[in-house]
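Comments concern the structure below.
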Amino acid sequence: ATQDELKQAAARAAAHKVQSGMVVGLGTGSTAAFAVSALAERMQTEGLKLIGVPTSVRTAEQARSLGIPLATLEEQPHLDMAIDGADEIEIGSLNLIKGAGGALLREKLVEASAAELIIIADASKKVTQLGTRFALPVEVVRFGWKATFARVEALGCTPVLRLDEKGDPYLTDEQHYILDCQFGPMADPAKLADQLKGTVGVVEHGLFIGMAKEAIIALQDGIETLVP
Ligand code: DER
């Protein structure tokens, strides 16, 4: 199967966990987009009833175009479930690195309000230690960002300001900058998460510690479900 077919298989498996009447956090990224499509398909074919709370403008646009009723987090502060992708999934802890799609702040806010977070991915996202494959995205306010850059660097990484396709600094939905930070393999992600949140100018980061209830992973020969 192609990587897209694997992502779609994981996405479909997660979409089938949604029951009518649920309020569901809709993640961001290519795998999450397959889950949004799968939910819309179930609405058509089975009459599934759900309310979606999107984690980004682009997910809101996709969901709206597919006829999924949407609500804001203020309107729906308690979600039954959230479905989202990840960049790295640490086997055992199920701690995550997320944020390659630039939506980590709204994702974390929505997912912190969900009773259960279901992560969907192809097997390439599984790692034995976080920081193995991906830089850690860190969202910073624009004001004084170079001073924040230096403070984050002092935590032991090489930050890189994320640029958009025009070569300008990438702006998140909340109008912040993102620093992609190479920390290398992390011995204590929870400690690093606390250090980052204690750094002046840092809004949020892509370490999702202890948030995932399960991870649905698509393998060539089937689906596996990982739990912490
Ligand atoms: O940016 C994000 O957090 C996305 O969920 C990302 O981590 C996964 O994106 P992908 O499904 O396109 O790999």
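The values are calculated or read from the model by the stated rules, or taken from the named source; none is laboratory data. Quantities reported herein were computed from a predicted structural model and do not represent experimental measurements. All Cβ positions, even for glycine, are placed from backbone atoms using ideal geometry, and neighbour counts span all protein chains on display. Note: accessible area is taken over every heavy atom of the protein model, side chains too, but ligands, DNA and RNA are not part of it. Shrake-Rupley method; radii C 1.70, N 1.55, O 1.52, S 1.80 Å.
Some observations on this one:
- Search result, residues across segment 84-103 that are over 21 Å from Leu171 (Cα atoms) and small (Gly, Ala, Ser): Gly92, Ser93
- Among residues of segment 1-28 being part of a loop (DSSP other than H, G, I, E, B) and open to solvent by 30 Å² or more (accessible area, probe 1.4 Å), the one that is nearest to the ligand (Cβ to nearest atom) is Thr2.
- Filter pass, Ile209 being open to solvent by 20 Å² or more (accessible area, probe 1.4 Å) and more than 21 Å from Gly102 (Cα to Cα): no
- Residues in segment 97-108 include at least one that is within 13 Å of the ligand (Cβ to nearest atom) and open to solvent by 50 Å² or more (accessible area, probe 1.4 Å).
- Pairing each residue of segment 78-89 that is within 9 Å of Ala32 (Cα to Cα) with any residue that is more than 8 Å from the ligand (Cβ to nearest atom) and outside any strand (DSSP E or B), provided the two are 6+ apart or on different chains, yields C-beta distances under 6 Å for Ile83/Ala14; Ile83/Ala35.
- Residue satisfying all of: in segment 184-202; touching a strand residue (DSSP E or B) at 6+ places or on another chain (Cβ under 9 Å) and open to solvent by less than 40 Å² (accessible area, probe 1.4 Å); farthest from Cys157 (Cα to Cα) among these: Gly201
- Subset of segment 125-144 [surrounded by fewer than 16 Cβ atoms within 10 Å (Cβ to Cβ) and either in contact with a His (Cβ under 8 Å, 6 or more places away or on another chain) or more than 20 Å from Pro189 (Cα to Cα) (or both)]: Val141, Arg142, Phe143, Gly144
- Residue in segment 117-139 that is within 10 Å of the ligand (Cβ to nearest atom), among the charged types (D, E, K, R) and farther than 20 Å from Ala13 by Cβ present: no
- Residues that are part of a strand (DSSP E or B), more than 19 Å from Gly184 (Cβ to Cβ) and open to solvent by less than 50 Å² (accessible area, probe 1.4 Å), drawn from segment 147-164: Leu161
- Applying the criterion of being of a type in the set (A, V, I, L, M, F, W, C), out of contact with any strand residue (DSSP E or B) (no Cβ under 6 Å at 6 or more places or on another chain) and in a loop (DSSP other than H, G, I, E, B) to the residues of segment 92-128, the residue that is nearest to Ala60 (Cα to Cα) is Ala103.
- If the condition is being open to solvent by 10 Å² or more (accessible area, probe 1.4 Å), of a type in the set (Val, Ile, Thr) and touching a strand residue (DSSP E or B) at 6+ places or on another chain (Cβ under 7 Å), then segment 29-56 contributes only Ile51.
- Residue within segment 64-82 that is open to solvent by less than 10 Å² (accessible area, probe 1.4 Å) and part of a helix (DSSP H, G or I) present: no
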